[in-house]
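The values are calculated or read from the model by the stated rules, or taken from the named source; none is laboratory data. Fair warning: this is a prediction, and the values are worked out from it, not measured in the lab. Ideal geometry is used to build each Cβ from the backbone, glycine not excepted, and the neighbour counts take in all protein chains shown.
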Amino acid sequence: MGKEELKREVMQAIDASADRLIEFADDIWKHPELGYKEHRTAEKVMEFFEELGLGYESGLARTGVMAELPGRSNDFKIAIMGELDAVICREHPDAHPETGAVHACGHHAQLAIMFGTAMGLMHGGAMDQLDGALSLMAVPAEEYVELDYRSHLREAGEVEFFGGKQEFIRLGLLDDIDMAAMAHLFAGDLGRGIMISDGSNGFLGKLIRYLGQEAHAGAAPHEGVNALNAALLGLMGIHAQRETFKDEDNIRIHPIITRGGDLVNVVPSDVTIENYVRGRTMEAILDASKKVNRALEGGAHSIGAQVEISEIPGYLPRELNRAMNDLYAEHIEALVGPDSVLRIGSLGGSSDMGDVSHMVPSIHPFIGGVKGSNHARTFEITDPEMAYIISAKAMAGMVIDLLWDGASRARDICDDFEPVFPDTESYLKMWREIL
């Protein structure tokens, strides 16, 4: 069977599985879970792997699940990734009533795309003609939230990193991976189309704690040291630094106060802040981080409070592979039509796919079929076929092109790729030295 005929068989197999994929995606949507807590979601992934007759490993980085889909030969391997976790948006009508979790990030679709790709390649008879294997990775904790909870996990030795893909790297699960691919929903005006970018920001995380002295806020405020005032001055100090950031560095700093005091009639003595320092390069991020710390320390000094700043590994900037991007885009155009691909430069968001992209050629296209805004109450799937089915077809078609004829196309891309971190040890060394 020729390559194009094989693609047709695979596309038909995905179409035949469409109802099952949409059913699965809807189920995950209705039961959102936050990072490193995705126990039910992981169970559903395991059930799907069992349905496909695939063995799997579970409990990876707490809740991750991974299965191998062998090809005719297996000395080349592509990871197809989907993320297990949801984001917090309590205002969304489908938010979990207790946790506020909702898949307004679209991660439920990633899992459907991963399974759609696998089902198409398996049921379409492709793997026996492809010179490479797939590693199907359901990865926890992409959303960088609940920093205090994840700090406790780290202190207990359960994780080192707050991002699931970082933990997969640390555990050696990407040691035999040659390429990585995933897709992400994007709420906006894409319609039946996609958006591809060159990359996006990275960031460092910070947990900040201001310590003062409690006192009666009405009768004896002079006896206290107001940690909230110290925190507010620290935040104003950050604002005063913004004009020093270069436009091309795309610096973004967005702290939130997670604890501002205990009682309104007690001078606040213990105030906590969570913060990101984002930027397009690690050099720019580290420079901005020093300025942020100086401002935070200044706020404490001016009030006579103490400040503790805990630096947390964030995510590296995404550096996406242009050849893989182009190949995925070609399949979308073939499936949807011309003018269905929007190409842009850099994005302001961040993802632990950035860390993967520094080790192997990677892509992270954004998929239409959604309206509203990501991470917002307006996020809504409007075109399930685009969100789950067409995107999976494009992924499967790309895999066939990459692994056809001795995986020659994939090998050419890898030969042109220079990893920033050629192995797990060099990657871990970078983060541990920074922090």
Next on the checklist: Cβ-Cβ under 8 Å, sequence separation 6+ or interchain: first residue in the range 419-435 and touching a residue at least 24 places away in the same chain (Cβ under 8 Å), partner among the hydroxyl-bearing types (Ser, Thr, Tyr). Which pairs?
Outcome noted: PHE421/TYR427
Item to check | Matching option when the condition is surrounded by fewer than 18 Cβ atoms within 10 Å (Cβ to Cβ), over 18 Å from the mean Cα position of the chain (by Cα) and under 17 Å from GLY193 (Cβ atoms), among GLY372, GLY397 | outcome: GLY372
Checklist outcome for this item: Within the range 208-255, residues closer than 20 Å to ARG280 by Cβ and not in a loop (DSSP other than H, G, I, E, B) come out as ILE238, GLN241, ARG242, GLU243, THR244, ASP247, GLU248, ASP249, ARG252, ILE253
Checklist entry - Is there any pair linking a residue in the range 103-119 that is on the phi > 0 side of the Ramachandran plot to one that is assigned to a helix (DSSP H, G or I), with Cβ under 6 Å and at least six apart or on different chains, and which? => result none
Checklist entry - Of the conditions (1) crowded, with 16+ Cβ neighbours inside 10 Å; (2) in the same structural domain as ALA329 (by TED's automatic domain parsing), GLY212 fails just one. Which one is it? => result (2)
Item to check | All positions within the range 341-366 that are out of contact with any helix residue (DSSP H, G or I) (no Cβ under 6 Å at 6 or more places or on another chain), over 14 Å from GLN110 (Cβ atoms) and of a type outside the set (S, T, N, Q) | outcome: LEU342, ARG343, ILE344, GLY345, LEU347, GLY348, GLY349, GLY354, HIS358, MET359, VAL360
Checklist outcome for this item: The number of residues in the range 334-369 that are surrounded by 16 or more Cβ atoms within 10 Å (Cβ to Cβ) and of a type in the set (Asp, Glu) is 2
Checklist outcome for this item: Residue hits (the range 400-435; surrounded by 22 or more Cβ atoms within 10 Å (Cβ to Cβ) and either outside any helix (DSSP H, G or I) or among the small types (Gly, Ala, Ser) (or both)) are ALA407, ALA410
Next on the checklist: Tell me yes or no: at least one residue of the range 39-56 is surrounded by 22 or more Cβ atoms within 10 Å (Cβ to Cβ), of a type in the set (Lys, Arg), assigned by TED's automatic domain parsing to the domain that holds ASP383 and more than 18 Å from LEU185 (Cα to Cα).
Outcome noted: no
